[in-house]
Amino acid sequence: MTADRPNLATAARRLMATLVVAAFPALLAAAPAMAATAPVATDCTPEASTACVAAIVMDEENNFVPDVGVTISGAEFEAQVTTTQEGPVSVEVPQVGTYTITLDEATVPDGLFPDPPEIDVTAQRGSTARGAITLGDQPAGAAPTAEPGETATGGAETPAAGEAGSEEATSGGFSLANAWQKFGLGIRLGLLLALASVGISLIYGTTGLSNFAHGEQFTLGAVLAFMGINMWGLPFWPAAILAVVICTATGFVQDVVLWKPLRQRSTRLTQLMIITIGLSITLQFTIQLLIGNGSERILNTNPTSMTIAGIRLSSWSWASMAVAVLAILFIGWFLTRTRIGRATRAVSDNPALASATGINPDKIVRIVWTMSTGFAGLAGLMYGLSVGTFSWNTGMQMLLLMFAAVTLGGLGTAFGALAGSMVIGVVVEMSPLIPGMPNDLRYATALAILILVLLLRPQGLLGRRERIG
Amino acid sequence: MEELSRILTQAAGELIAPTTAAYVLAAIGLNLHFGYTGLLNMGQAGFMLLGAYGFGISTIAGAPLWLALIVALVASILFALILGMPTLKLRGDYLAIVTIAAAEIVRMLGRSSGLAEWTGGQAGLRGNEFKDTFAALSPLPDGRTAIGPFEYLNNGSDSWWVRLVGWSLVALALVFVWLLTRSPWGRLLKGVREDEDAVRALGKNVYAIKMQALILGGVFGSLGGVLYVLPRAIQPDGMARSMTFFVWTVLLLGGAATLFGPVLGAMLFWAVFMLLRAGLREGMAGTLAPTQVENIGGLVVGLALMLLVIFRPQGILGNKKELAFDAR
């Protein structure tokens, strides 16, 4: 091993030397740089003599929310603009000073609340003063974001009034009530996550495959319900039931046309894993084709909120949590008390031994695929209902949490996935309580847990040692 | 007829585009990971984005070109170490899970409002904020040059200068990988891919070999990322999961574990991808919006990747017998 190192080192040195040599003549030439025109998302470009104010309206996932009316007003000036999906909308303002950005309540999607309701920014010449307003499903709570000014001439920071607000929210973040509320959000996320990740775990357990397309299966539930209600004009319940039924059918069809033939060709696992990636891209772009690239809402009615045990959530959230608990109890009953469930666990433990006792692994795997996509779709549907908005990449972000959850619980163990999901859900939602932790980075804590688990206890909480090596 | 020739010229232009060269570099890196060593890196876009940010942010902070490039490379080396340490001793899919998650987290960090001061948040970093040191190096005179059907500016964003540097880097990378895979170290990589235990039995440190391969491939990914953003802005959302999967498609199309697989794969991928999208744009001009055309393009890539892996996993140039194609 050590004998090889000089080879690598000389090769690397040669590469660096080539780069330096290539750079040298150009240092002498020093051709004047051509100003490149880059696409700028704003329509006001700050120059030395102009000042711009930009309004940013985002949802909780930091996606731009289109079609919201924004009023930018200040001394002897008022402009009304409409947000777009592409980025901040900015206007040129006549003079420096304080401008207030407010949202037109009528254009804010129902059930979402601007946070903060209005924001003051200070416009300066040669820079864009940005004010960001987040639309959340809670009237108050999430820390408002104020982006520092994008300065064209000097290093002058543009203080936005929202920043003071964010400090207030941060210090308010330590209150017990806030922590308890976040804990409630965590339980909600954990339950929905559990419903989705039990499928990943079962598929892994019975076939050894990590299914990278499971995130899109999650989104599909919300997408189909959204389409049923908003495009086909169905009432809520038929649309929701149809969505879950179609999601369940996708798993069955996938096993019939794809996974079973591949199993019979005894395709290697790595190949299968790359095929799930191809499937994931295909589904992702199909979803984008169906619903577009923005955030959508399944229901456009205003949800009522309910306070139970000091936790204030929308009634859809409470209903979803109840359904998730019932579904998880059903899965537990199915796996431990029914013949097919016990057979599933037997195949998970040892496929060869299981088939020797008369279990047909193919049949079990088909049931597992069908069940997994069905529950993932149900979880996605309830996520869309209780969080309020969803977009084409919701499932992709959930997939990270699902993987963290099943790894924490132990890959391939169904009950481990449930336990892991609850831990990940609570930790992710409570992580913004850490001082200085931005709300939009809360999913990053799941990665930190994932890496720690792999370093300290790679088999997870409930896993067995021999699975990992 | 005129339309057809324009579409064909556009598609042919992709053969030498800087983006294609950037994908070649990223796919060469992935080839070191997956093709030669058997590592399942599902986060190559994370390496690319880190390289782009490392280069862009340090240039904006005033670093000269060589320093900015070193920052980009060091960023990817650290990233590889963080990802490799917990996973390389475990079975292959743990690396896949951690890399796909980490690449997504890099993108989230990039677009987070908390770091917007450095990364520009969701809007990203505009090209002319970080391009000057690179553009200033160009020895070419100003103006336009036409070679055959291709006509570009000599200097600037989408220029001959970027193409020249990009494809020179590709040539250097190919020579480097060729020398590397002929060396004893290169044979060790293949040994790890084929039978990890056998290599271990020979007294080699498999963990260290995998780590070196992960770092080296990540460095190529990071270089590819720098090259990718030179003709455009650094947009975190433009370098997300689909980019990783496109790099995979490029590699598997050309043929994993082959020297020229990444080059052939990237050229073919981008030319056909452009042909498809330009054809759809022209042919369905009234019925499809531009974003829909992009989505259909991506959908076809997904299907192509699935069919490729099912029916021809060795790609165009690969050797089915050589490629064991299994995770470690």
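Of the residues B:Met48, B:Met85, B:Met243, which exhibits the maximal mean-square fluctuation in a Gaussian network model of chain B defined by a 10 Å Cα contact cut-off?
Ranking B:Met48, B:Met85, B:Met243 by mean-square fluctuation puts B:Met85 first.
For the range B:174-243 and the range B:1-18, what is the separation of their Cα centres, given in Å?
Their Cα centres are 32 Å away from one another.
Lysines within cross-link reach of B:Lys320: Cα-Cα under 25 Å, excluding same-chain residues under 8 positions apart?
Qualifying lysines at Cα under 25 Å: A:Lys260, B:Lys190, B:Lys210.
When the Karplus curve 6.51 cos²θ - 1.76 cosθ + 1.60 is applied with θ = phi - 60°, which whole-Hz ³J(HN,Hα) does each residue of the range B:12-21 get, with x for Gly and Pro?
Karplus-based 3J(HN,Hα) across the range B:12-21 equals 5, x, 5, 4, 10, 5, x, 4, 4, 4 Hz.
Would you kindly give the portion of the calculated P(r) for the range A:270-339 that falls above 14 Å, as a percent of all Cα pairs? Please report the intermediate quantities before stating the final value.
Details: 1867 of 2415 pairs.
Tail fraction, whole percent: 77.
What FRET efficiency would be calculated for the residue pair B:Glu194, A:Leu456, taking the C-beta separation as r and a Förster radius of 30 Å, to the nearest 0.05?
Working: r = 31 Å, r/R0 = 1.03.
The computed FRET efficiency comes out at 0.45.
What distance in nm separates the two pseudo spin-label positions at B:Leu4 and A:Asn360, each 7 Å out from Cα along the beta-carbon direction?
Output for this residue pair reads 5.3 nm.
What does the structure give for B:106-117 when I average, per residue, the other chain Cβ atoms found within 10 Å of the residue Cβ?
Mean number of neighbouring Cβ atoms from other chains: 6.
Can you give me the Rg/Rh ratio for the range B:18-236, using Cα atoms for both radii and the Kirkwood formula for Rh?
1.02
Top mean-square fluctuation among B:Phe260, B:Phe55, B:Phe176, Gaussian network model of chain B, C-alpha springs under 10 Å?
B:Phe176
Please find the FRET efficiency linking B:Ser168 to B:Leu78, where r is the Cβ-Cβ separation and R0 is fixed at 30 Å, and quote it to the nearest 0.05.
Approximately 0.65, to the nearest 0.05.
For the range A:350-444, report the convex hull volume of the alpha-carbon atoms normalised per residue, in Å³, without decimals.
111 Å³
How high is the FRET efficiency between B:Thr287 and A:Asn230 when r is their beta carbon distance and R₀ equals 22 Å, given to the nearest 0.05?
Efficiency for this residue pair is about 0.55.
What's the extension gain from A:Phe330 to A:Thr107 if we count 0.36 nm per residue and subtract their Cα-Cα distance?
Numbers: separation 223, 0.36 × 223 = 80.28 nm, distance 4.17 nm.
Length gained between A:Phe330 and A:Thr107: 76.1 nm.
On average, how much area does the Cα convex hull of the range A:225-273 cover when viewed from any direction, in nm²?
One quarter of the hull surface, i.e. the mean projection, equals 4.2 nm².
Hey, what angle do you get for helix B:261-283 against the long axis of chain B, alpha-carbon based, 0 to 90 degrees rounded to 10?
That helix lies at roughly 40 degrees to the long axis.
With +1 on the Cβ of every Lys and Arg and -1 on the Cβ of every Asp and Glu, and nothing else charged, how large is the dipole of the range B:50-137 about its Cα centre, in debye rounded to the nearest 20?
Here the range B:50-137 has a charge dipole of around 180 debye.
What distance in nm separates the two pseudo spin-label positions at A:Thr82 and A:Lys260, each 7 Å out from Cα along the beta-carbon direction?
According to this spin-label approximation, the distance is 5.1 nm.
So which residue, out of B:Leu188, B:Leu288, B:Leu305, gets the largest mean-square fluctuation from a GNM of chain B using Cα contacts under 10 Å as springs?
In the Gaussian network model the winner is B:Leu288.
Over all residues in A:258-270, what is the mean tally of Cβ atoms on other chains that come within 10 Å of each residue's Cβ?
Taking all residues of A:258-270 together, the mean is 3.
What per residue convex hull volume, in Å³, comes out for the range A:189-301 when only alpha-carbon positions are used? Don't skip to the end; give the middle numbers.
On the way: hull volume 13.2 nm³, N = 113.
Hull volume normalised by residue count: 117 Å³.
Could you give the nm distance between label points at B:Trp118 and B:Trp66, where each point is 7 Å from its Cα heading toward the beta carbon?
2.4 nm
Provide the gained length on full extension for the span B:Leu15 to B:Leu202, in nm with one decimal, where the gain is 0.36 nm per separating residue minus the Cα-Cα distance. Numbers along the way, then the final one.
Working: separation 187, 0.36 × 187 = 67.32 nm, distance 4.37 nm.
Difference between extended and current length: 62.9 nm.
Based on the inverse mean of 1/r over its pairs of different Cα atoms, what is the Kirkwood hydrodynamic radius of the range B:50-126, in Å?
Evaluated over the range B:50-126, this radius sits at 13.5 Å.
If we sort A:247-253, B:235-241 on the protection proxy, mean other Cβ atoms within 10 Å, highest first, what's the order?
Put in order of decreasing packing, that is B:235-241, A:247-253.
Principal axis lengths of the range A:176-467 from Cα atoms, whole Å, largest first?
55, 48, 34
Treat every Asp and Glu Cβ in the range A:323-421 as -1 and every Lys and Arg Cβ as +1, leave all other atoms uncharged, and give the resulting dipole magnitude about the Cα centre to the nearest 20 debye.
280 debye
Taking each residue of B:212-221 in turn, how many C-beta atoms of other protein chains fall within 10 Å of its C-beta, and what is the average?
The mean count of partner-chain Cβ atoms within 10 Å per residue comes to 1.
Magnitude of the Cβ-charge dipole of the range A:176-467, K/R +1 and D/E -1, about the Cα centre, nearest 20 debye?
Around 700 debye, computed over the range A:176-467.
Pairing the Cα long axis of helix B:241-254 with the longest principal axis of chain B, what angle in degrees results, from 0 to 90 and rounded to the nearest 10?
For B:241-254 against chain B, the angle is about 80 degrees.
Could you give the distance between the Cα centres of the range A:275-292 and the range A:369-388, to the whole Å?
17 Å
Readers should treat all values here as calculations from the given coordinates under stated rules, not as data from a laboratory. Treat the numbers as computed from the prediction; the structure is a model and nothing was measured. Please note: Cβ atoms are built from the backbone with ideal geometry, for glycine as well, and neighbour counts cover all protein chains shown.
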